[in-house]
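Report on the following structure.
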Amino acid sequence: MNNYRNIRVTVQENIALITISRPDVLNALNSETVTELLKAVQELEHDPRAHIVIITGDGKAFVAGADITEMNSKGPEEARTYSELGHSLMRAIQNMGKAAIAAVNGYALGGGTELALACDIRIASENAQFGLPETILGIIPGWGATQRMPRLVGTAVAKELIFTGEIISARRALEIGLVNRVVPDEDLMTAAMDMARKIKHQGPIAVSHAKQVINRGMDRPLQEGCGLEIDAFVSCFNTEDQKEGLQAFIEKREPRFKGR
Ligand code: CAA
């Protein structure tokens, strides 16, 4: 693994853990950190040891947003580069052929909520706080929230969050469907690991196909999405894992998936 300055990456039990670590600025994402995250995600995509990826933050925040100090000196062209860099990261997470879980501790504001939105599943600690406060800065979310938030929680709630910049509790995030579950602070990483282990137990190619089909189908009419599902379902039948999974059921034993 690379030596990173602002993140740590470990892989244990086939579960990769990325920890964002700039605690002095509540893990605000400057360009360097976004670039490191992008590199880590690209490496993990091709790392056979990593079946699932968990992303979390060090200290009292998940991520307090894009780095406001860095943005302060940017003009329009640099803003475009910064926005495109963040979008590349979010797209890499969304398109990764492995499930990504955001384990959200403390503040997840602006780019922090956007990072969580790019993941497949969000688990929040009770002290987590979400929000898109960009409009108070005179800007809009620039790393995908105007697109991913309405797809997840509906346009009415997404507009309310973005127009008012209101910071919401983990409970409220659960109510609107922004997070999958809320757990006591001290249980966050255990809950994320438990979820990762459950996913890891399933056929990896099947999980990967399911992720791609769900994501791609969200941008298409129902019938086209169903067509994608048929193609992916058929692809599964070209894998050893499909034979192993069905045979294991018939033989009343646990499957031993090989990811091929
Ligand atoms: N960028 C840069 N520095 C940040 C930061 C950010 N997003 N968030 C916090 N920090 C820094 C603070 O400046 C402070 O640094 P100093 O100690 O040097 O003063 C340090 O982190 C601790 O922060 P606070 O003292 O403010 O801590 P707090 O507990 O009083 O408040 C907070 C916490 C409510 C999260 C507050 O820090 C805050 O409002 N942060 C900004 C949140 C925000 O607006 N995020 C959106 C950014 S824009 C964006 O993300 C655009 C995009 O979509 C691409």
Exercise. Roughly what would the spin-label model give for H201 and T81, points 7 Å off Cα along C-beta, in nm?
Worked result: 4.8 nm
Problem set entry | Per-peptide average of other Cβ atoms within 10 Å, ordering 156-167, 28-39 highest first | 28-39, 156-167
Seminar exercise, completed: So R253 and F163, fully extended at 0.36 nm per residue minus their Cα-Cα distance, gain in nm 27.1 nm
Exercise. Hey, what did region 55-198 get for relative contact order, percent, Cα under 8 Å, at least 6 apart?
Worked result: 25 percent
Problem set entry | Alpha-carbon centroids, region 8-40 and region 41-120: separation in whole Å | 9 Å
Seminar exercise, completed: Rounded to the nearest 0.05, FRET efficiency between K74 and N2 (Cβ-Cβ, R0 22 Å) equals 0.25
Seminar exercise, completed: Per-residue ellipticity at 222 nm attributable to helices in the chain (runs of n ≥ 4 DSSP H, -39500 (n - 2.57) apiece, nearest 500 deg cm²/dmol) works out to -15000 deg cm²/dmol
Exercise. With axes computed from alpha carbons, what is the tilt in degrees of helix 31-45 against the longest principal axis of the chain, rounded to the nearest 10 within 0 to 90?
Worked result: 0 degrees
Seminar exercise, completed: Lys pairs in the chain with Cα under 27 Å (8 or more apart in sequence, or on separate chains) total 26
Problem set entry | Degrees, to the nearest 10: 76-95 long Cα axis against longest axis of the chain | 20 degrees
Problem set entry | Alpha-carbon radius of gyration plus Dmax, which is the widest Cα pair, for region 26-71 in Å | 12.4, 38
For this session: Please tell me the relative contact order of region 132-260 in percent, rounded to the nearest whole number, where contacts are Cα pairs under 8 Å and at least six residues apart.
Result: 16 percent
Seminar exercise, completed: Note on the chain: contact order normalised by length, alpha-carbon pairs under 8 Å, 6 or more apart, percent, works out to 15 percent
For this session: Once you have the Kirkwood Rh of the chain from its Cα pairs, apply Stokes-Einstein at 4 °C and 1.567 mPa s and quote D in µm²/s.
Result: 68 µm²/s
Seminar exercise, completed: Measuring from the longest principal axis of the C-alpha atoms of the chain, the long axis of helix 155-164 (C-alpha) lies at a number of degrees, nearest 10, equal to 30 degrees
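No value in this document is a laboratory result; all are computed from the given coordinates. Since the model is a prediction, treat every value here as computed from it, not as a measurement. Please note: Cβ atoms are built from the backbone with ideal geometry, for glycine as well, and neighbour counts cover all protein chains shown.
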